[in-house]
Amino acid sequence: MAKQDFLEFLTDNPARARILRTLVLNPNDSFSEESLAKRAKTSASAVVREVKALASHGIIKGTKHTVVVPAKPSVQGKAKKGRAAKPGKSTRKTETMWRASAEFRFARPLSAFVHEVAPVKYDDIVEGLKRSGKLAAVILSGTFMGDPTRPADLLVAADMIDDRRLESAVKRLEPAYGREIRYASFSTHEFQYRMTVQDRLLRDTLEYPHLVLFDRTRLLS
């Protein structure tokens, strides 16, 4: 496959691009088709189709695993009051776990390509978080900076913060970046206090590569 044709193959299908991004950006993880559909926010049928296409070019590889499926309790006839249902028999099924192939001959340039085209649109991140509260500070760290050893990927400080809305906002961002986003949130007052006492979490974030997307506190300049 010519280089241009290969690039078109990787990017001309949105579902394929999201699936590939999820696998390449999580090189140490394996995904079942079900978990891959959830992480990439695409349909099960699209996952079945696209993993087959990606595997045919050696870009990803699958390994079969046997998993035990717990059985639901079964009740024969009419259950009597106080009598426990009989435990059913568990079953075993074989499923394929998918991951990016380290043996693929273009694995390194593919990883660089995926990282370069991953849609890190900073305005979209801030805009997506605005409904969570009155933002005071937004900081990117961790995997956004290529360092998963940092304690968090995203720090958010806000007034009148709504934890449910914040969680939903972060979940909506995850498909674009192909990974689970680890985040921590604070009220503006708590954030200011933690900055004053040199809180460990903030120190472990700010003393390493990070990116300040928003700072109404003027403490991060």
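The values are calculated or read from the model by the stated rules, or taken from the named source; none is laboratory data. Owing to the predicted nature of the structure, the values given are computational and were not obtained by experimental measurement. Heads up, the Cβs are rebuilt from the backbone with ideal geometry, glycines too, and the neighbour counts pull from every protein chain shown.
Taken together, the residues in region 127-162 that are surrounded by fewer than 22 Cβ atoms within 10 Å (Cβ to Cβ), polar (S, T, N, Q) and under 23 Å from R218 (Cβ atoms) amount to 1. Just one of (1) modelled with pLDDT of 60 or more; (2) farther than 30 Å from V47 by Cβ; (3) in contact with a Lys or Arg (Cβ under 6 Å, 6 or more places away or on another chain) fails for S74. It is (1).
To keep it simple, each residue is scored yes or no on (1) within 18 Å of the chain's Cα centre (by Cα); (2) at pLDDT 90 or above.
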{"residue": "G58", "(1), (2)": "no, yes"}
{"residue": "G62", "(1), (2)": "no, yes"}
{"residue": "V67", "(1), (2)": "no, no"}
{"residue": "W98", "(1), (2)": "yes, yes"}
{"residue": "A107", "(1), (2)": "no, no"}
{"residue": "L110", "(1), (2)": "no, no"}
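The sole residue among S111, S168 that is part of a helix (DSSP H, G or I) and not assigned by TED's automatic domain parsing to the domain that holds D29 is S168. Of all residues in region 176-185, at least one satisfies being of a type outside the set (S, T, Y), under 22 Å from the mean Cα position of the chain (by Cα) and modelled with pLDDT of 95 or more.
Could you look through region 112-160, keep only residues that are modelled with pLDDT of 85 or more and among the basic types (K, R), and pick out the one that is nearest to L10 (Cα to Cα)?
First pass over region 112-160, keeping only residues modelled with pLDDT of 85 or more: 125-142, 149-160.
Among the residues that remain, those that are also among the basic types (K, R) are: 130-131, 134, 150.
Numbers: K130: 33, R131: 34, K134: 39, R150: 30 Å.
Among them, the one singled out is R150.
Apart from one condition, T22 fits all of (1) closer than 18 Å to Y177 by Cβ; (2) at pLDDT 90 or above; the exception is (2). How many residues does region 195-221 hold that are surrounded by 18 or more Cβ atoms within 10 Å (Cβ to Cβ), farther than 17 Å from L129 by Cβ and not hydrophobic (A, V, I, L, M, F, W, C)? The number of residues fulfilling the criteria is 0.
Taking the options E174, E190, name whichever one is of a type in the set (D, E), within 27 Å of S30 (Cα to Cα) and part of a helix (DSSP H, G or I).
Working: E190 fails: within 27 Å of S30 (Cα to Cα).
After applying the criteria, what remains is E174.
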